[in-house]
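Okay, structure first, notes after.
The values are calculated or read from the model by the stated rules, or taken from the named source; none is laboratory data. Only a predicted model underlies this, so the values are computations on that prediction, with no experimental measurement involved. Quick reminder, even Gly has a Cβ in these numbers, built from the backbone with ideal geometry, and neighbours come from all protein chains shown.
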Amino acid sequence: MKITLPMSSGGNYLVNPSKIVALGLNYLEHIKESQSVDKSNLAGEIPTEPVLFPKTPNVLIGPGEAIILPAFLTEYGFADCRTDHEAELAIIIKDRVKNLSPESAMEHILGFTCFNDISQRNLQKGDKSGWYRGKSLDTFGPIGPRIVTPEDIGDPQNLDIVCRLNGRVVQHSNTRQMIFKIPEIIAFISKNFTLEAGDIIITGTPNGVSPLHDGDSVEVEIEKIGTLSNPVKAEPAG
């Protein structure tokens, strides 16, 4: 889905990525709390390189649009059907790049914005193919409320990040707590995949993730960017 967001430098930007590359387990406290990984594989340890997974562009919705909890999930009869919020800093790439160095990576950023990496935990944990489906259901990628350029953001590695669920703070951290820093993330991804103009990188979530329910309101606020707010609705059965 195509989303138009205002730019801090003026004008609007059409968010239309060829791909969304997400980072898992990039805050130590989230690794400790995580119900989304097999602890026998990672054993709560800090990853030695960025943990990447895809989110497909159909996830994208803008500020104020509803996160939909799919009706088909009830067909599985999960004892605890859990879909979580994950507040994250997103990076939008400016141009086509490959094999960047960390030293040059920041030159290829169009801007920064808020992202909510909605995650269906039962599918994420149970699917033999891994995290793909549980991360890429429709509406599972709220983005906004605006894009802030590198010139206007200041130091992107020192931004407070907060998530509120029904007005209550549930996540609160700072981007300086990332295990892998922004230049390193971009460089690593660009070695694996050619990045195109408009591609989105989401940089991981701090601890405090919790489940969403019908009627909830969830906000992601990042310093110098603003607040991304979305309601949560259960899809009617049938």
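Things to note:
- Val162 under 25 Å from Asn16 (Cα atoms), among the hydrophobic types (A, V, I, L, M, F, W, C) and in contact (Cβ under 8 Å) with a residue 12 or more places away in the chain: no
- Residue that is surrounded by the most Cβ atoms within 10 Å (Cβ to Cβ), among those in the stretch 98-119 that are of a type in the set (Ser, Thr, Tyr) and more than 22 Å from Phe53 (Cβ to Cβ): Ser104
- Restricting the stretch 120-131 to residues that are out of contact with any Gly (no Cβ under 6 Å at 6 or more places or on another chain) and not in a loop (DSSP other than H, G, I, E, B) leaves a set whose member that is surrounded by the fewest Cβ atoms within 10 Å (Cβ to Cβ) is Gly126.
- The stretch 1-16, subset touching a Leu at 6+ places or on another chain (Cβ under 8 Å) and in contact (Cβ under 8 Å) with a residue 12 or more places away in the chain, residue nearest to Gly198 (Cα to Cα): Val15
- Residues of the stretch 223-238 that are at pLDDT 95 or above, touching a helix residue (DSSP H, G or I) at 6+ places or on another chain (Cβ under 8 Å) and not small (Gly, Ala, Ser): Lys224, Ile225, Glu235.
- Residues (in contact with a Lys or Arg (Cβ under 8 Å, 6 or more places away or on another chain), surrounded by fewer than 22 Cβ atoms within 10 Å (Cβ to Cβ) and closer than 30 Å to Gly77 by Cβ) located in the stretch 137-171: Val170
- Counted residues, the stretch 187-204 - those being touching a Leu at 6+ places or on another chain (Cβ under 9 Å) and closer than 20 Å to Gly144 by Cα: 7
- Residue pairs whose Cβ atoms lie under 6 Å apart, sitting 6 or more positions apart in sequence or on different chains, and linking a residue in the stretch 55-71 that is under 16 Å from Asn16 (Cα atoms) to a partner that is part of a loop (DSSP other than H, G, I, E, B), are Lys55/Ser136; Thr56/Ser136; Pro57/Pro17; Asn58/Asp138; Val59/Ser136; Val59/Phe140; Leu60/Met1; Ile61/Thr139.
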